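Following: one structure in structure tokens, then a few remarks.
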Amino acid sequence: MSNELIESGSGTTEERILDAAMQVFAEVGFDGARVDEIARRANANKAAIYYHIGDKEAVYTVVLQRVFSGFVQRVIETVQQAQTPEEQLRLYIRTIANNLRQHPYLPTIMMREFASGAKHLPGAIVAEMTKMIGLLASILHDGEAQGIFVHVTPLLIHILLVGGHIFSNSIDLIMLKHQQVIPPQLLAAHQHFPDTFPQEIEETILRAVKKTSA
């Protein structure tokens, strides 16, 4: 995580505020975040935050909406390009993985939310997440109806996918920060893990849901 100031020429005032806020929320969570610190990093004043967005709760909601906005529709459109349930599931997995990689602060924010019992998670974001799970349920149902997939709980698969990426991100940070106390063989084994993890989680999920020949 970085606490460096965002250059005043980097986007509009609102964009700088949201970029800075995402950093702060990832580092200290909603409860620990201070509007003063967000303003400092955004090279803005508190009045600008209240004028452009609103209070801290409003900023938090907009930060998450900016990430999730249009994401569900992109996943739906991508999945529709596939012809079979297996292809649809693979595209579902890859699209979510790509989105998480494009927003490196999001996994940490979501981990904090899950740890707190989603205390500050906006209802609009829950609605978007529910749509995602509904899409996954449809893919799995079609695969089961066609005799391709076994019966599995969609929420379990979604937790495996998203939770795996979130914890993978955390492990990378732990390895980097505490490499002096981690055995060399473990560091060596982990060296290529960030690059291979997306493919490994995809294949793990497919092995879990695909029906094997008797």
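The values are calculated or read from the model by the stated rules, or taken from the named source; none is laboratory data. Remember, it's a predicted structure, so these values are computed and weren't measured experimentally. Ideal geometry is used to build each Cβ from the backbone, glycine not excepted, and the neighbour counts take in all protein chains shown.
Only residues that are touching a residue at least 12 places away in the same chain (Cβ under 8 Å) and outside any helix (DSSP H, G or I): list them for segment 167-186, please. Residues satisfying the conditions do not exist here.
Within segment 139-147, can one find any residue that is in a loop (DSSP other than H, G, I, E, B), of a type outside the set (Asp, Glu), modelled with pLDDT of 90 or more and surrounded by fewer than 16 Cβ atoms within 10 Å (Cβ to Cβ)? Within segment 139-147 (the criterion being in a loop (DSSP other than H, G, I, E, B), of a type outside the set (Asp, Glu), modelled with pLDDT of 90 or more and surrounded by fewer than 16 Cβ atoms within 10 Å (Cβ to Cβ)), the answer is yes, since at least one residue qualifies.
Residues that are crowded, with 20+ Cβ neighbours inside 10 Å, over 18 Å from the mean Cα position of the chain (by Cα) and at pLDDT 95 or above occur at least once in segment 82-96. When only residues in segment 18-45 that are surrounded by fewer than 19 Cβ atoms within 10 Å (Cβ to Cβ) and among the basic types (Lys, Arg) count, which is nearest to TYR60 (Cα to Cα)? This residue is ARG34.
The condition of being part of a helix (DSSP H, G or I), farther than 30 Å from PRO154 by Cα and in contact with a Ser or Thr (Cβ under 9 Å, 6 or more places away or on another chain) holds for only one of ALA44, ALA21, ALA48, that being ALA48. Quick check on GLY143: is it under 17 Å from the mean Cα position of the chain (by Cα) and of a type in the set (Gly, Ala, Ser)? No: the conditions fail for GLY143.
Quick one: would you say HIS158 is assigned to a loop (DSSP other than H, G, I, E, B) and touching a helix residue (DSSP H, G or I) at 6+ places or on another chain (Cβ under 6 Å)? Break it down stepwise before answering.
Working: assigned to a loop (DSSP other than H, G, I, E, B): no; touching a helix residue (DSSP H, G or I) at 6+ places or on another chain (Cβ under 6 Å): yes.
In short, no.
Considering (1) among the polar types (S, T, N, Q); (2) at pLDDT 90 or above; (3) under 22 Å from ALA137 (Cα atoms), the lone condition that GLN23 does not fulfil carries the number (3).
Flag set for PHE149, criterion: touching a residue at least 40 places away in the same chain (Cβ under 8 Å) and either among the aromatic types (Phe, Trp, Tyr) or closer than 28 Å to VAL28 by Cβ (or both). Would you be able to say whether some residue in segment 54-69 is under 24 Å from ILE201 (Cα atoms) and either crowded, with 18+ Cβ neighbours inside 10 Å or not hydrophobic (A, V, I, L, M, F, W, C) (or both)? Within segment 54-69 (the criterion being under 24 Å from ILE201 (Cα atoms) and either crowded, with 18+ Cβ neighbours inside 10 Å or not hydrophobic (A, V, I, L, M, F, W, C) (or both)), the answer is yes, since at least one residue qualifies.
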